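Read the structure below first, then the notes.
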Amino acid sequence: MPHPSASTYGRLSALAIAALGIGSAFAHPGHPDAFGFNDGFSHPLSGIDHLLAMLAVGLWAAQNKRSALWVLPLAFPLMMVAGALLAFSGLQMPGVETGIAASVAVLGLLIAFAIRMPVWASAGVVSIFALFHGYAHGSELPHGASALWYGVGFVAATALLHLLGLAIGLVAGPKMAAQAVRLGGVAIAAVGGYLLAFAF
Ligand SMILES: [Zn+2]
């Protein structure tokens, strides 16, 4: 059986991202009191805002190449944990939902325009957005072991989404497929814009 070409993968990924945007509920499914690994793991996969942002981090890392390939997928989960700890500490962070929506819109645009930055700058962008994603959940979690396992599950799903984005982005190396990834970025940005409109 012939292997599908890279451009096929690229087109499929862009389609999948677009389908996700259309098929899933646009609004965040809320933050119910959820404990344990499974709840933590399923949350980023079920919330379109987290899912697209985390996928986007992997896609953008693949576009940036070099050290961004591993720095961005590490920076996001680390700073997400930092954001959760900020919330635990009781620090007030304004505009969390807006920040999360903006992360989807901006990362989508960065992919759409295939914008490359020095790794310190791209890591900075990703880190700021990660703080919002982490804070949103740390603020609702009690201290204790169950919160820890929720966090472990959350980070595991995040890492998986980063890897998926990276894989799609790296497979889509050739020019045609790279265009498809950029189209995926347009779709992500569109969902982000939609989320932003509802965050205000
Ligand atoms: Zn959430």
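The values are calculated or read from the model by the stated rules, or taken from the named source; none is laboratory data. These figures come from a predicted structure and were not determined experimentally. Here the Cβ positions follow ideal geometry from the backbone for every residue, glycine too, while neighbour counts run over all protein chains shown. For the accessible areas, the whole protein counts, side chains as well, though only heavy atoms, and no ligand, DNA or RNA atoms are used. Shrake-Rupley method; radii C 1.70, N 1.55, O 1.52, S 1.80 Å.
Annotations for the structure displayed:
- Going through (1) within 16 Å of the ligand (Cβ to nearest atom); (2) part of a loop (DSSP other than H, G, I, E, B) one by one, Gln92 falls short only on (1).
- Criterion (surrounded by fewer than 20 Cβ atoms within 10 Å (Cβ to Cβ), without any contact (Cβ under 8 Å) to a residue 24 or more places away in the chain and over 20 Å from Ala68 (Cβ atoms)) met by exactly one of Gly90, Gly124, Gly193: Gly90
- On inspection, Ala68 passes the criterion of being open to solvent by less than 20 Å² (accessible area, probe 1.4 Å) and either at pLDDT below 95 or of a type in the set (S, T, N, Q) (or both).
- Note on region 96-121: residues that are free of Cβ contacts under 8 Å to residues at least 24 places away in the same chain and either touching a Lys or Arg at 6+ places or on another chain (Cβ under 9 Å) or not aliphatic (A, V, I, L, M) (or both) total 2.
- Residues of region 49-84 classified as more than 15 Å from Ala167 (Cβ to Cβ), within 16 Å of the ligand (Cβ to nearest atom) and of a type in the set (Val, Ile, Thr), total: 1
- Single residue of region 97-119 satisfying the filter (part of a helix (DSSP H, G or I) and open to solvent by 20 Å² or more (accessible area, probe 1.4 Å)) that is farthest from the ligand (Cβ to nearest atom): Val119
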